[in-house]
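All remarks here apply to the structure that follows.
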Amino acid sequence: MKKAIYYLLMIQLMLSACLKNEESFDSFMADWESLQIYQNVCPSVTDAVEYPEPWIPEIWNTFEISGETINAMSTCGLLETWLNHPAYNNSWSPYCTHCSDMSRPAFLSFNMGVSRNEVSSEFFKRRDCVPVLAFKYLTFIKAKSKPSGRQRCFEFLLASDMSMSVSNEMEKIQFMAMALEKMKYEKKEVNGACHIMVAIMLSCNYAPFVEEIGPKIEDSNFGYTFRNLEAGIYYSGFQDYHAKIIIEYAKQFLNEKNK
């Protein structure tokens with residue numbers, strides 16, 4: 001009897017948490033009505049490539065996706081194909097955890113990989129790539145997805161040079177709102193969302209950030225980071241301390257641009 005009561009209480013708590021998540025997301029979407037057009041961009045994806053398992057050297061050295069397949073895929077299918085790649089689904093993607101050189105430019109390397117990859121290159125040629133990115137980020141936020149290599153790779157993709165080059169200012173403002181919303185509940189995995197916010201402010205040439213923080217930004221084996229020029233401290237990726245600074249500038253950017 002006691003076990004039954006315990007399980008009922010657990011179910012009730014889980015349902016209550018889900019309801020609060022839904023209410024929080026609904027409130028966010030109500031505040032940002034312009035995002036509602038993205039909610040059903042990819043209702044289902046049926047043409048994404050399935051990768052063979054196990055993903056071993058004998059397979060990855062020879063596996064290819066034909067140009068015909070890439071060109072025939074939907075934009076939603078292209079994004080899923082890129083995200084589903086086994087290399088992007090390990091627990092530490094897209095960071096280089098085995099690099100002894102902390103200053104290895106991981107974000108630069110990532111950007112180069114995106115520009116050279118046939119799937120991501122085709123994705124960013126599509127006129128509807130930005131709505132598909134917005135849809136995917138909203139799904140992560142709505143689900144309050146747990147940190148994963150897949151999610152980190154997506155946030156790096158959203159912050160990439162190619163993403164910034166195809167997004168107009170209004171779309172960047174929307175992505176900034178999404179990144180800030182994600183940071184309300186994600187307190188540990190701050191690196192990906194911080195990269196999005198930094199990329200937006202740099203690409204929009206947001207003067208307060210570019211002038212005051214820009215000179216301190218360097219690339220490390222976990223992507224962008226701050227160098228403490230006064231103390232000579234070198235970090236790897238964005239830390240909690242950096243996130244607080246970035247968020248303040250991001251909020252200021254959003255308030256000024258969304259007037």
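Where a number appears in this text, it was derived from the coordinates with a stated rule and is not lab data. These numbers were taken from a predicted model, which means no experiment stands behind them. Every residue, glycine among them, receives a Cβ derived from its backbone with ideal geometry; neighbour counts consider all protein chains shown.
Among 35-43, 243-251, how do they line up from the highest to the lowest mean number of other beta-carbon atoms within 10 Å?
243-251, 35-43
If each residue of separation counts as 0.36 nm, what is the full-extension length gain between residue 23 and residue 56 once their alpha-carbon separation is subtracted?
Gain on stretching residue 23 to residue 56: 7.5 nm.
Let me understand the chain better: what is its radius of gyration from the alpha carbons, and its Dmax, in angstrom?
19.7, 65
What is the sum of charges, Lys and Arg at +1 and Asp and Glu at -1, for the other residues whose Cβ falls under 14 Å from the Cβ of residue 205?
That works out to -2.
What is the sum of charges around residue 140, taking Lys and Arg as +1, Asp and Glu as -1, for the other residues whose C-beta is under 13 Å from the C-beta of residue 140?
+3
Could you compute the net charge surrounding residue 81? Neighbours are other residues with a C-beta less than 15 Å from the C-beta of residue 81; K and R count +1, D and E count -1.
So the surrounding residues net to -3.
Give me 197, 183 ranked fewest to most by other Cβ atoms within 10 Å of their Cβ, as a rough exposure proxy.
Fewest-to-most ranking of 197, 183: 183, 197.
For the pair residue 187 and residue 117, how long in nm is the line joining their label points, each one 7 Å along Cα→Cβ?
Going from the residue 187 label point to the residue 117 one covers 3.2 nm.
Which value, in debye to the nearest 20, gives the size of the charge dipole of the chain about its Cα centre, when Lys and Arg are +1 and Asp and Glu are -1 at the Cβ?
About 840 debye.
Taking 25 Å as R0, compute the FRET efficiency from the Cβ-Cβ separation of residue 227 and residue 248 and round it to 0.05.
0.85
How are the Cα pair distances of region 187-259 distributed, in percent, across 10 Å bins from 0?
19, 56, 22, 2
So which of 142/216; 125/184; 125/216; 188/251 end up more than 29 Å apart, counting from Cα to Cα?
Exceeds cut-off: 142/216; 125/184; 125/216.
Using modelled backbone amide H atoms (1.01 Å from N, in-plane), which distant-in-sequence or interchain residues come within less than 5 Å of residue 223's amide H?
Close amide H contacts, sequence-distant or interchain: 106, 107, 237.
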